[in-house]
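Taking it in order: structure first as structure tokens, then the write-up.
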Amino acid sequence: MAMTIHVDIVSAEGAIHSGQAEMVYAPGVMGELGIAPRHTPLVTRLKPGDVRVDTGKEMLHFYVSGGILEVQPHIVTVLADTAIRATDLDEAAAIEAKRKAEEALAGQKEEFEYAKAQAELAEAVAQLRAIEKLRKIKKS
Amino acid sequence: MAGAKEIRTKIASIKNTQKITSAMEMVAAAKMRKAQDRKNATRPYADKMRNVIGHLYHAHPEYTHTFMKERDISRVGYIVISSDRGLCGGLNSNLFRKLTREIKKQQEAGIQVDFCIIGSKALGFFKRFGGKVLAQATHLGDAPRIDQLIGTVKVMLDAYEQGEIDRIHVAYNGFVNTMTQNPTIEQLVPIIGEADKELKHHWDYLYEPDSKEVLDGLLTRYIESLVYQSVVENGACEQSARMVAMKAATDNAGNLIDELQLVYNKARQAAITQEISEIVAGAAAV
């Protein structure tokens, strides 16, 4: 049997692939990488592209929109991004999130009003307790 | 038959409510399973990442990233995760209660607080009570995607890197089991507990392009994945809390209907008895 290397492809939203392979090809930021078993330990960022896993019988294709590749002599881990990442894209998302916050909370005070919040929460809790009690009385 | 008609309409209306709550209960039960699966699916990614970070950390003990450095605290950030919808019992208010207590502690210690909001319920809460909100994301849906969170997390991490906040916590509901949800506040940044893994062998990776850049990308993604995990877990909590709340509501509606039915029957009988006695009295008079 040919030498194999274990491959895990995972994303934040779930595991994508796990299995043995004879060779793994991945799009690194510095260029395409081919990883055979007993490759030296390596960590690299990935470009959007195709990760190919050669199992000896067939070639599996996985599209990644970036991520990080970690290689140990017998394990390859692809930490795949499911979203396309770029500095300016992330920046835009951040600005959007800020804008939304400002829009939704326009004209409100800076300081958190602890007393008011606590009073209201205490009231809610009291209500819940009262309901519980009523329920118990009804049951008995 | 005074009042009998009113009672009848009331029973009918409660029956309608009961139908709705029992439907909601079933929907929540179905969604809960999916949410739990989703929560379990996020685990491998974070675990792998923690391994790689652990390796990096041991290979380069001299290089500490800003996300790993403790500093003096004058301002803390909270990422508050809540549900988008109500009717889920005390889920959100329990979390907010724990949070307000924590905020009070910070305020007493002279520490300022900033917020980052995920979920409409938290938004409503901070709208009422104020607080400096840096970023928000709402309406993530039942299956949140990580790209919906990138922006909000980045705002907080940027603020941390620029020294505007010195610590980031995440507040969410931890899933214990279907009946129990545990409001949790965890420290997110600086990252804690990475160094305790004992790694004896000293080997290092090759880095492409270089170690700093790789570590930067890794840590950002790691933190994002932790926030994502919390969001997904909170989602599972929301569904299970809703399921329990709706089950209680359905049971209560059933009790109410039973009671009203009894009152209705009594009223009906009283009316019949009265009619008979009137007829008898009328006949006697003739």
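Values in this text are rule-based calculations from the coordinates and carry no lab data. Every value quoted in this text rests on a predicted model; they were computed, and no experiment measured them. Counting neighbours? That spans all protein chains shown, and the Cβs are built from the backbone with ideal geometry, glycine included.
All but one of (1) free of Cβ contacts under 8 Å to residues at least 40 places away in the same chain; (2) in contact with a Lys or Arg (Cβ under 6 Å, 6 or more places away or on another chain); (3) among the aliphatic types (A, V, I, L, M) hold for B:Ala28; state the number of the condition that does not hold.
For B:Ala28, the failing item is (1).
Okay, residues lined up against (1) of a type outside the set (Gly, Ala, Ser); (2) facing chain A (nearest Cβ under 9 Å):
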site: B:Gln106; (1), (2): yes, no
site: B:Asp114; (1), (2): yes, no
site: B:Ser120; (1), (2): no, no
site: B:Gln136; (1), (2): yes, yes
site: B:His139; (1), (2): yes, no
site: B:Asp142; (1), (2): yes, no
site: B:Ile150; (1), (2): yes, yes
site: B:Ala159; (1), (2): no, no
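Going through the stretch A:39-80 one residue at a time, which ones are over 17 Å from B:Pro209 (Cβ atoms), more than 14 Å from every other protein chain (Cβ to nearest Cβ) and not aromatic (Phe, Trp, Tyr)?
Of everything in the stretch A:39-80, those that are over 17 Å from B:Pro209 (Cβ atoms), more than 14 Å from every other protein chain (Cβ to nearest Cβ) and not aromatic (Phe, Trp, Tyr) turn out to be A:Asp50, A:Val51, A:Arg52, A:Val53, A:Asp54, A:Thr55, A:Gly56, A:Lys57, A:Glu58, A:Met59, A:Leu60, A:His61.
Out of everything in the stretch B:158-183 that is among the hydroxyl-bearing types (Ser, Thr, Tyr) and surrounded by fewer than 20 Cβ atoms within 10 Å (Cβ to Cβ), what residue ends up being nearest to B:Ile81 (Cα to Cα)?
B:Thr180
With B:Ile118, B:Ile103 as the choices, which residue is in contact with a strand residue (DSSP E or B) (Cβ under 7 Å, 6 or more places away or on another chain), under 21 Å from B:Glu164 (Cβ atoms) and touching a residue at least 60 places away in the same chain (Cβ under 8 Å)?
B:Ile118
On the given criteria, is B:Leu256 within 14 Å of chain A (Cβ to nearest Cβ), at negative phi and surrounded by 17 or more Cβ atoms within 10 Å (Cβ to Cβ)?
It is true that B:Leu256 is within 14 Å of chain A (Cβ to nearest Cβ), at negative phi and surrounded by 17 or more Cβ atoms within 10 Å (Cβ to Cβ).
Restricting attention to the stretch A:84-94, does a residue exist that is part of a loop (DSSP other than H, G, I, E, B) and not small (Gly, Ala, Ser)?
Yes - at least one qualifying residue is present in the stretch A:84-94.
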